[in-house]
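Engineer: This is the structure, below, for whatever I ask next.
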Amino acid sequence: MKKMVKAETKKKAKCFMDVDKKKNMQRLGGGGLSLEAFANAKTKTNTYNPAIIKKQREFYKNAKYVNKYKRIVKQQQGEPSGSARQLEDEEVDIRRNKKNSARSLREIYERKREEDDKARMETEATILARKEEMQRAESRRKELREKMFKKTKSGQPVMKYRIEHILETLQGSKV
């Protein structure tokens, strides 16, 4: 009987421990996460990260190229050796095109540079012509102003130049 009583008290104690454990878990915010769930929760990010997006894009791009390569290899294995020669010819053509493309790139670069030089020279010429025109107009205005404000020895204004100016403006408006 003592054994039965001990067994019952152990069961009750275990029940109380379970109840205490449950209460502690609830108080601390529920049950803990499993290791796998915890790892997944740590690795997932809900924020925008352009570096990760770039890596994923690169990964999928590389996967596409790998699949393309595998298809080509399958085709080569399935077809006779004539296709292998075609691929070699294509490689040789690609090499030639690279050399030619380097030359053509240089030619394109030189042509573009010449066009840029021509355009720059034209803009410089127009700017220079505009500056010269402005200087001529400014010198003309200075001369007119000096004539307008010319005075005699006694300090009277010389009306001759003022009348000429009025006549010029009238003649200019008629034309």
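Engineer: Between residue 165 and residue 120, what FRET efficiency follows from the Cβ-Cβ distance if R0 is 35 Å, with the result rounded to 0.05?
Structural biologist: After rounding, the FRET efficiency stands at 0.25.
Engineer: Here's a follow-up. Through the Karplus equation 6.51 cos²θ - 1.76 cosθ + 1.60, θ set to phi - 60°, convert the phi angles of the stretch 56-64 into ³J(HN,Hα) values in whole Hz; use x for Gly and Pro.
Structural biologist: 5, 4, 5, 4, 5, 4, 4, 4, 4
Engineer: Please compute the modelled spin-label separation between residue 75 and residue 39, points set 7 Å along Cα→Cβ, answer in nm with one decimal.
Structural biologist: Going from the residue 39 label point to the residue 75 one covers 4.1 nm.
Engineer: Computed FRET efficiency, Cβ-Cβ of residue 138 and residue 113, R0 41 Å: what is it to the nearest 0.05?
Structural biologist: 0.65
Every number here is computed from the coordinates shown, using simple stated rules; none is lab data. These numbers were taken from a predicted model, which means no experiment stands behind them. With ideal geometry, Cβ positions are generated from the backbone for all residues, glycine too; neighbour counts draw on all protein chains shown.
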